[in-house]
Structures are given as structure tokens and as C-alpha cells.
1. I need every pair where a residue in segment 238-251 that is closer than 17 Å to residue 225 by Cα has its Cβ under 6 Å from the Cβ of a residue that is surrounded by 18 or more Cβ atoms within 10 Å (Cβ to Cβ), sequence separation at least 6 or different chains.
2. Determine, yes or no, whether residue 275 is out of contact with any Gly (no Cβ under 8 Å at 6 or more places or on another chain), of a type in the set (D, E, K, R) and at pLDDT 95 or above.
3. Filter segment 126-150 for residues that are assigned to a loop (DSSP other than H, G, I, E, B) and touching a His at 6+ places or on another chain (Cβ under 9 Å) and give the result.
4. Counting only residues that are touching a Pro at 6+ places or on another chain (Cβ under 8 Å) and surrounded by 19 or more Cβ atoms within 10 Å (Cβ to Cβ), which one in segment 136-150 is farthest from residue 9 (Cα to Cα)?
5. Can you say whether residue 72 is β-branched (Val, Ile, Thr) and closer than 30 Å to residue 230 by Cβ, as far as the supplied structure shows?
6. Does residue 30 qualify as being farther than 30 Å from residue 277 by Cβ, hydrophobic (A, V, I, L, M, F, W, C) and touching a strand residue (DSSP E or B) at 6+ places or on another chain (Cβ under 6 Å)?
7. Of the residues in segment 24-38, how many are more than 20 Å from the chain's Cα centre (by Cα) and under 17 Å from residue 86 (Cβ atoms)?
8. For residues in segment 259-289 being of a type in the set (A, V, I, L, M, F, W, C) and under 20 Å from the mean Cα position of the chain (by Cα), which is farthest from residue 221 (Cα to Cα)?
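The values are calculated or read from the model by the stated rules, or taken from the named source; none is laboratory data. The structure presented is a predicted model; accordingly, all values stated were derived computationally and were not measured. Counting neighbours? That spans all protein chains shown, and the Cβs are built from the backbone with ideal geometry, glycine included. Ligands, DNA and RNA are excluded from the accessible area calculation, which covers all protein heavy atoms including side chains. Shrake-Rupley method; radii C 1.70, N 1.55, O 1.52, S 1.80 Å.
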Amino acid sequence: MRILVVGAGALGGYFGGRLLQAGQDLTFLLRPRRAAQLAAGGLRIHSPAGNAHLPSPPVLLAHQIRSTYDLVIVGCKAYDLEGTIAAFAPAVGPGTAILPLLNGLRHLDRLTERFGYRHVLGGLGVISAALDDSGDVVQLSRDHTLAFGELDGERSARSEAIAAAFATANFESRPTDRILQSMWEKWVHIATLAGATSLMRASVGDIAQAGAQDVALELLNECSRIAAHNGFPPSPEALGRTRATVTAPGSALTASLLKDIERGAPTEGDHILGDLLRRGRWSTADTVLLPLAYAQLRSYEARRSREAAEAAPAQRLVA
């Protein structure tokens, strides 16, 4: 199986690196800066499951694609999806499966619109990882699961082939015939965590210390109602995990969305919170905190855009 991994950030770098380590026929599709970084020092993974160093991982730039692949794994940020689609589109042939690992579900709509329903799988990564200052992938917890499946729930020949390839690698592979349920449950979890920590500008532990756990729990109720409205009520087990995560005393956990705000970067707020609200339709009459968290993020993005526009003339004068 020929595999193309789009990007070598924390997500793509970890799962792609583990597949390469296992001897799979895999290539990274990268931007020039990241390609140069890997050419200089290779791909390094620091992990509780074992470190890895791949000195010369196979790399392509978008204009160098000359053939199609059996599987394209996509792990970009939501706001980069359109540019990412344009970059990897030449690698998609009649038999190519596309496995996106983005949060939420809006990317499935866009990918099926562009490539057709039969090309697209559902997928999610359960991992806490980041790139350090040198570009190494650092796994921050022991979870390293990649779940995937056909959107219609079938156990197809291609999903079995993907499962066989993934089973060789040093991560937990979980093929499932209920991938949309799993994606909705993760979306509720991420939206609750992102909504609470970005709205309160605090970690889970700080929110608990302030006695404000009810904010997170009410967000969980609101997000769960929307999921149920769409036919995917979170299981009791999923709800229990999220409740425990967002109310844990002393936890330093924050959502990556808050980390983006704190460093003045663009966020996935529209993809994670805005799209969830839009899918709520008439189920959001009693929903208060989720719209407030989303409004806060939109305000942040508006300020960020204004400040960038104001800085542009000064930058041109300096140049």
C-alpha cells in the first residue's frame, strides 16, 4: 500500500513516522520549510512508547507529485483545508482512499464534495503531541490511537487493507463500523474543553480551583444535546470520560484552541464551535454558553484581523 501523509506536524509526523518505522511505503507531502527541516535533521519522535529517529524520510512538495496513492492521510488545521486539498489533489486516483484526522465534521462535507463520497473515510486521532522548537514530535501522554472506518459503516476490502498496514506500526489502530459515532463523541469532548478553557482563559485545574466546574458541565450538556439532535447521542462512557477530564482538580490541561489564542494565532473556533452550533438547528433554544464561547472566539479573530491590517502599512514602510 502506497501512503501519502499530508504534513509532518505533531499528528502527521507521529502516525506517519510510526508507519515509516514499521517499513510501510510512505511519503510525506510537505511545505518547503518543513521539508528543509526534515532534510537537515530527519524526523524525530520522543514518546513514552519509544523514541524514533528517521534520518531521511521520503518527502515531496506539491509540484513534485507524479503519481496517485492508495491512501492519503490528512491532518492539517481546519483553516488550512482548502489549500491542503489543492496540494494533494493530484495524488488522488480512482482507487484512492482519503483519511482525514481533523476535528469536527465539516471537513467531511468539503472532501466528499470535492472527491466524491466513496473516496472519503472517517477518522480521528487520540493523541496529545506537539512539535518542539527544533521540529521534533513530542508525545505528551501515553494515548496514541488512530480510529477509522467507512462512513456508511461497511467493513470494506480497503478498510481491511488499511487495518493490516496500521497493525504493523507502534500505535493503537482501531478500525470501526461506527466511526461517525466516535467522531461525534470526540467533537463533543473537544468542543466542551475548548469552550470552557477559552471562555474562562484558564486550565481545567484553574477552573476547578475557582469552583466553576459547572461552566464546563453545562457546556457538555449543550454540546451533547446537539449531537443527540443529529442522531449521535454520546454514550454514557464517553460522557463520563469528558466529565472527568473537564472537572479534574489540579489538571494543567487546556485546549489547543486556547493555546492558539495565547500566541496570537488563528484558531479552529469556527470549525469546532461554530459548525456545532449550526448543526444544532432547533435544538439550541436553551443553549447559552456555547454561543457565548463562539462569540468570544469570533471577537478574538476580528481583533486579530484588524491588528494585522493596521500593521500592514507600517511593515510596507519598513520594507
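1. Listed pairs, sorted by first residue: 238/185; 242/189; 242/192; 242/220.
2. In short, no.
3. Scanning segment 126-150 gives 132, 136.
4. This residue is 149.
5. Yes; evaluated as a whole, the condition is true for this residue.
6. Taking the combined requirement at face value, the residue satisfies it.
7. Total meeting the criteria: 1.
8. Checking each candidate, the answer is 265.
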